[in-house]
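The structure appears below as structure tokens.
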Amino acid sequence: MSPEQPYVVEDCRGTLQLMSDGTVRRSAELPAVFLVDVPDGDLGVEWRDVTYNQEHDLNARLYQPRHLGAANDARLPVVAYFHGGGFCIGSGRWPCFHAWCLRLALELPAVVLSFDYRLAPEHRLPAAQEDGATAMSWLRSAAASDPWLAGAADFSRVFVAGDSAGGNIAHHVAARFGKTGLGPPICLRGSVLLMPAMAGETRTRAELECPPDAFLTSKMSDTYIRFMLPDGATRDHPAMNLTEPEAPGLEAVAMGPILVVAAEHDIFRDRNTHYAKRMKEWGKEVDLVELAVPTNPSNKTLLPTVEKKRQKPSDRFPQPPTEVSGLLRSLNKVQLYLYGLTAFSGIGIEFVVRTGGHGRGDESTTLTMVGLLEVRRGVVQLELTGVQLPESGAEPRVAGNLDKAARATPEQP
């Protein structure tokens, strides 16, 4: 009698499968949703790969623009970026994340460091967060030993950033080291969390009402959770529930400003907004921006009603200002390009943006826009190529809110 062949017990986007005999199978073929076009030709960005952890064979991809900015400030801020993928899949070498980091390096401009980390289920949490800390320790060493980085980077202006699982890692890095815990010359000036991955035992409204055709559904999220958490752990494990009940309080940690980006139909929306509120209660400086992608009435799917034709950014969007390096001195003046805000977008895209309130009853700003977003303490400052005004007969909210933004008192850098 031949032994029973192993069969698939859990499947993650066809890329990762847990077999009945306990083995893990990974496909070399990427899920279609992660495939984007990487621009050809000379993009004005240099990049190279390094191994930052020999023990676990962990790599980083380093980017810097060839033209290092204004002559009076040639050294650029540093963005340490961690990719998404539910802690289970993904790599900085995937086209979506590579294209995103190329764009960040060129258009901020900044030195961008894209770090891989160990993946579950082979390496369950908190392995990924530990690798985030190792990456920052490597950066401290590289600041003194790597002339390619040292000639371009201003290590006193380091920001940690990430989307989804990577946003979670960015939080843990910022909370672990604070502003100065890494020691000179590294100073963590702030963090950018794009739809950061979070969980908890009590289900949120966003989790309960998550549509079945969402990019990340409740079912898929539960699969990731089963893959990533330590054996016997609950969804309240502090690696995933960042604010309660098991997570340590952060009142005593001197952290830089935090920008949290939540998405209206994203499964993490409610947890992201609660996180921002809790961090404020702990005395942190937090900006929360919620992006709302309107439902397309023609097909009832949660898709943006935008052009599908791929375009070069320069065909549709304004050129970045020359003073961006100064803007990155404070996360109150972070600028993000909406056509590249998520790692999965490779085209120009329109968003409905709401900002200014954490609860549904709070005052907020709502408008549809394409262009450059700057967040200052919850007020949206915009450089636009287009604003979609309300339809005839609709409440004329856009003009009033833009006037409010224009009257906002500029903050000191």
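The values are calculated or read from the model by the stated rules, or taken from the named source; none is laboratory data. Source: prediction; values computed, not measured. Cβ: placed from backbone, ideal geometry, glycine included. Neighbour counts: every protein chain shown. We work out accessible area using only protein heavy atoms, side chains counted, and drop any ligands, DNA or RNA first. Shrake-Rupley method; radii C 1.70, N 1.55, O 1.52, S 1.80 Å.
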For ASN59 and GLU4, what does the FRET efficiency come to when R0 = 51 Å and r is the distance between their Cβ atoms, rounded to the nearest 0.05? 0.85
If the viscosity is 0.890 mPa s and the temperature 25 °C, what Stokes-Einstein diffusion coefficient in µm²/s follows for the range 58-120 when Rh is the Kirkwood radius over Cα pairs? 200
Given H placed on each backbone N at 1.01 Å, which residues far from ASP154 in sequence or on other chains put an amide H within less than 5 Å of it? LEU76, VAL78
Which whole-number value in Å² is the accessible area per residue of the range 128-277, probe 1.4 Å? 37
Quick one: ranking ARG25, ARG118 by accessible area, 1.4 Å probe, largest first, what do you get? ARG25, ARG118
Each residue of the range 267-277 in turn: what ³J(HN,Hα) in whole Hz from Karplus with 6.51, -1.76, 1.60 and θ = phi - 60°, glycine and Pro shown as x? 5, 8, 3, 5, 5, 5, 5, 5, 4, 4, 5
For the range 27-137, with all protein chains present and a 1.4 Å probe, just round the carbon and sulfur fraction of the accessible area to a whole percent. 49
Place a point 7 Å from the Cα of THR51 along the Cα-to-Cβ direction; which residues of the range 94-136 have their backbone N under 20 Å from it? 94, 114-119, 123, 128, 131-136
At 1.4 Å probe size, with no ligands or nucleic acids counted, give the accessible surface of GLU4 in Å², nearest ten. 150
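Per residue, how much accessible surface does the range 1-113 expose to a 1.4 Å probe? Answer in Å², no decimals. Display every interim value, and only then the final one.
Details: 5510 Å² over 113 residues.
It amounts to 49 Å² per residue over the range 1-113.
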